[in-house]
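Everything on this sheet refers to the single structure shown next.
The values are calculated or read from the model by the stated rules, or taken from the named source; none is laboratory data. Only a predicted model underlies this, so the values are computations on that prediction, with no experimental measurement involved. With ideal geometry, Cβ positions are generated from the backbone for all residues, glycine too; neighbour counts draw on all protein chains shown. Areas reflect the complete protein model, heavy atoms only, side chains present, ligands, DNA and RNA absent. Shrake-Rupley method; radii C 1.70, N 1.55, O 1.52, S 1.80 Å.
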Amino acid sequence: MDAVTYPDSKVVNFINENLIPLQVQFDAQPLASDFHIKWTPTLITLDADGREHHRTVGYLAPDEMIPSLLLGMGKSCFENERFDEATTYLEKILADYPKSDSAPEALYLRGVCRYKNTHDPKPLKEAYEQLRDEYPSNEWTKRAYPYRLL
Amino acid sequence: MKDKIKWETEMDGALARARSEKKHVLLDFFNPG
């Protein structure tokens, strides 16, 4: 990460502008135990109360790093029931990083956010149909499979 | 000089900034090698 991803200018700008970056050694206590760290790099998105919402283990290339961070921010907003704000982050992934590994989960979660806001099941079915068309063998397409019946 | 990520090194300070600036925290556990 220090050799390739963290020096990348887009990654630097995104992190400095949108997040509070905190770097600690893998064996720093009590954090390493509190977060059950077993391997590095482990990257975790926290809300401002210190609650975990997203985690990745292993190297992320620069073009996967920003969408993964956006997904973490979106999941944090979703889990705090701020669905409009979550949708903004998720749509940024779909618009700017549609080929990233984070995009299918973002598409799934955007459908859930829309459903949560409206209680109309149509966005769930639309999410499945878009996942089926654009990411046919992705795990999130399989998770959305029951929504085809809505 | 090229910009770098401005890492915090203490959780309490990072969370205080997160609340003040209404941002999330990126927590990176790293191995210095």
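Of all accessible surface on the protein assembly as shown at a 1.4 Å probe, what whole percent is carbon and sulfur? Don't skip to the end; give the middle numbers.
Details: 4930 of 10000 Å².
Here it works out to 49 percent.
Averaged over every viewing direction, what's the projected area of the C-alpha convex hull for the range A:1-88? Give it in nm², one decimal, please.
Working: hull surface 23.4 nm².
The number I arrive at for the range A:1-88 is 5.9 nm².
Can you work out the FRET efficiency for the pair A:K99 and A:W39, with r the C-beta to C-beta distance and R0 = 25 Å, to the nearest 0.05? Each step should come with its number before you reach the end.
Numbers: r = 26 Å, r/R0 = 1.06.
The computed FRET efficiency comes out at 0.40.
Could you tell me which of A:T45, A:L107, A:Q23 has its Cα farthest along the dipole of the protein assembly as shown towards the positive end, charges placed at Cβ (Lys, Arg +1; Asp, Glu -1), taken about the Cα centre?
Checked the options; the winner is A:L107.
Take peptide A:70-79, look around each residue's Cβ out to 10 angstrom, count Cβ atoms belonging to other protein chains, and average those counts. Present the calculation step by step, with values, prior to reporting the outcome.
On the way: counts 0, 0, 3, 3, 0, 1, 2, 1, 0, 0.
So the per-residue partner count for this stretch is 1.
Over the range A:16-80, calculate the relative contact order: mean separation of alpha carbon pairs under 8 Å at least 6 apart, over the residue count, as a percent.
Numbers: 50 pairs, mean separation 16.2, N = 65.
For the range A:16-80, the relative contact order is 25 percent.
Calculate the radius of gyration of the Cα atoms of the protein assembly as shown to one decimal place, then report Dmax, the largest Cα-Cα distance, as a whole number, both in Å.
Values for the protein assembly as shown (Cα only, Rg and Dmax): 17.1, 56 Å.
Any idea what the dipole of the protein assembly as shown comes to, in debye rounded to 20, about its Cα centre with Lys/Arg Cβ at +1 and Asp/Glu Cβ at -1? Intermediate results must be reported in sequence, preceding the final value.
Numbers: 24 positive and 30 negative charges, 85 e Å.
In total the dipole reaches around 400 debye.
Of A:S33, A:N13, A:T87, which is farthest along the charge dipole of the protein assembly as shown in the positive direction, counting Lys and Arg as +1 and Asp and Glu as -1 at C-beta?
Most positive-ward Cα: A:T87.
List the trypsin sites (Lys or Arg not before Pro) in the range A:83-129 that DSSP assigns to loop (not H, G, I, E or B) and whose Cβ has at most 15 other Cβ atoms within 10 Å. Which are they? List each step's numbers first, then the result.
On the way: sites: A:K92, A:K99, A:R110, A:R114, A:K116, A:K125; in loops: A:K99.
Taking the range A:83-129 and a limit of 15 other Cβ atoms within 10 Å, the loop trypsin sites (Lys or Arg not before Pro) found are A:K99.
Partner chain Cβ atoms within 10 Å, averaged over the residues of A:1-10 - can you pull that number for me? List each step's numbers first, then the result.
Values: counts 2, 4, 0, 0, 1, 5, 4, 0, 2, 0.
Taking all residues of A:1-10 together, the mean is 2.
Normalised by the number of residues in chain A, what is the relative contact order in percent for Cα pairs under 8 Å and 6+ residues apart?
On the way: 176 pairs, mean separation 22.1, N = 150.
Taking the mean separation of contacting Cα pairs over the length of chain A, I get 15 percent.
Can you compute the charge dipole magnitude of the range A:87-150 about its Cα centre, using +1 on each Lys and Arg Cβ and -1 on each Asp and Glu Cβ, nothing else charged? Give it in debye, rounded to the nearest 20.
Working: 11 positive and 10 negative charges, 48 e Å.
Using Cβ point charges on Lys, Arg, Asp and Glu, the range A:87-150 gives about 240 debye.
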